[in-house]
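Structure, as structure tokens:
The values are calculated or read from the model by the stated rules, or taken from the named source; none is laboratory data. Keep in mind it's a predicted model, so treat the numbers as computed, not measured. Cβ placement follows ideal geometry from the backbone for every residue including glycine, while neighbour counts extend to all protein chains displayed. Remember, those area values only see protein heavy atoms, side chains included, never the ligands or the DNA or RNA. Shrake-Rupley method; radii C 1.70, N 1.55, O 1.52, S 1.80 Å.
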Protein chains: 2
Amino acid sequence: MLKVNKLTDYAVVVLCDLLRGQALRSAADLAQSSGVPLPTVSKILKQLARTGLLQSARGVNGGYGFAKSPDGISMTEVIEALEGPIAVTGCIEDSGDCEHLHECPMSGHWNAVNVAVRRSLDEVRLIDMLPEARFMDPEDLSRVIVARHAPAMQA
Amino acid sequence: MLKVNKLTDYAVVVLCDLLRGQALRSAADLAQSSGVPLPTVSKILKQLARTGLLQSARGVNGGYGFAKSPDGISMTEVIEALEGPIAVTGCIEDSGDCEHLHECPMSGHWNAVNVAVRRSLDEVRLIDMLPEARFMDPEDLSRVIVARHAPAMQA
DNA sequence: CACAAACAGGACTAAAACAGTACAGTATCT
DNA sequence: AGATACTGTACTGTTTTAGTCCTGTTTGTG
């Protein structure tokens, strides 16, 4: 099936919600407006902050915001933030966890698949996942969203 | 990680072995020459025959061979034969197994991702996975392999 | 300074998926 | 008749995933 895990799926829902709202939002707030359970939202946001896609502010009035301009975020970044490098099989060169690697007739060949998949995901942006993306000019959409999130990025 | 399961990984090893050898090979034969355990090879081949990528012959001197010209087989076909349709999330439209589908803000959006991934896999052929593909002219490689497997396809 | 809001990190458990195996059945050739 | 080889299905132990919870740290407010 080549599935992405559920957490990543939710992450997109939550990120789109964050995209849609104001610059800095608390986990509780996002949980409520996205409908995803708070502990789960919290787990996702922590991970996204750890990998640098989001930035966080602690304390009262804290929350999460984008660490960089959200219109430049690709699905590759989102998926890799939550699942690690895109690798269709476990046999990644240099991973060293396959003791047959040097004798394996497939060595390096799945890599062509990994590269192809990765490239295709590079071309899908996070903001393309927004439902309103269907009805708006992509340029306008970017402008509106970037403007809305600029405060969080400067903080 | 966006992983393909292990069975699919082995399937490529076995299929490449079949590609490399003669037209019709038994499961036991393929298990031996590929190094993958027989029950596993058997499971893979059965599934590939069921989905029509391979064809099988029972009885003494039976075995498996390609059901169509092997140079036209893409990784999409191999992966889909073993794992079902490529769907990055469980929310495929029309699958009907998500009761929130009609209210889900993401509805239909992962589809862009599915399509992108699928297209990228369409462009990787099974014969590109052969180690010797690196050193040979693709045209020559196709010709040699197609000729070798023609008998199975006519049978 | 005490308290409340909010993030950080890690640990734990129940459920689901997967891998691998085994077995009983059917077809085919000699 | 008997050996070879595919077919279908069922079972089981292991691994992964999902989801939750708890304890600690940071920060703003009265």
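Just a few scattered comments:
- Per-copy distances of the A:Gln32 label point, shortest first, in nm (7 angstrom along Cα→Cβ): 7.0
- Per-atom-type breakdown for chain B gives carbon and sulfur 52% of the accessible area (1.4 Å probe, protein chains only).
- For B:Pro131, inter-copy label distances in nm, listed shortest first [label point 7 Å out on the Cα-Cβ vector]: 5.3
- Karplus-derived 3J(HN,Hα), 6.51/-1.76/1.60, for each residue of segment B:52-60, Hz, glycine and proline x: x, 6, 10, 10, 10, 10, 8, x, 4
- For the protein assembly as shown: accessible area per residue (Å², 1.4 Å): 49
- Applied to segment B:17-27, the Karplus parametrisation 6.51 cos²θ - 1.76 cosθ + 1.60 on θ = phi - 60° returns per-residue 3J(HN,Hα) values of 5, 5, 4, 6, x, 7, 4, 10, 10, 7, 4 Hz, with x for Gly and Pro.
- A:Arg20 - accessible surface, heavy atoms, 1.4 Å probe, Å² rounded to 10: 80
- Cα point-scatterer Debye curve for chain A, base-10 log of I(q)/I(0) at q = 0.18 Å⁻¹: -1.06
- Amide H to amide H distances under 5 Å link B:Gln55 with B:Gly65, B:Phe66, B:Ala67, where only residues 5 or more positions off or on other chains count and H is placed in the peptide plane.
- Between chain B and chain A, roughly 3300 Å² of accessible surface gets buried, counting both sides and using a 1.4 Å probe.
- Residues whose placed amide H lies under 5 Å from that of B:Ser74, excluding near-sequence neighbours: B:Leu126
- Distances between copies of A:Met153, taken at a point 7 Å out from Cα along the Cα→Cβ vector and listed shortest first: 5.3 nm.
- Chain A: angle of helix A:110-122 to the longest principal axis, Cα-based, in degrees nearest 10: 20
- The alpha carbon convex hull volume per residue for the protein assembly as shown rounds to 164 Å³.
- Axis-nearest residue of A (beta carbon) for the A-onto-B rotation, whole Å: A:Ser120, 2
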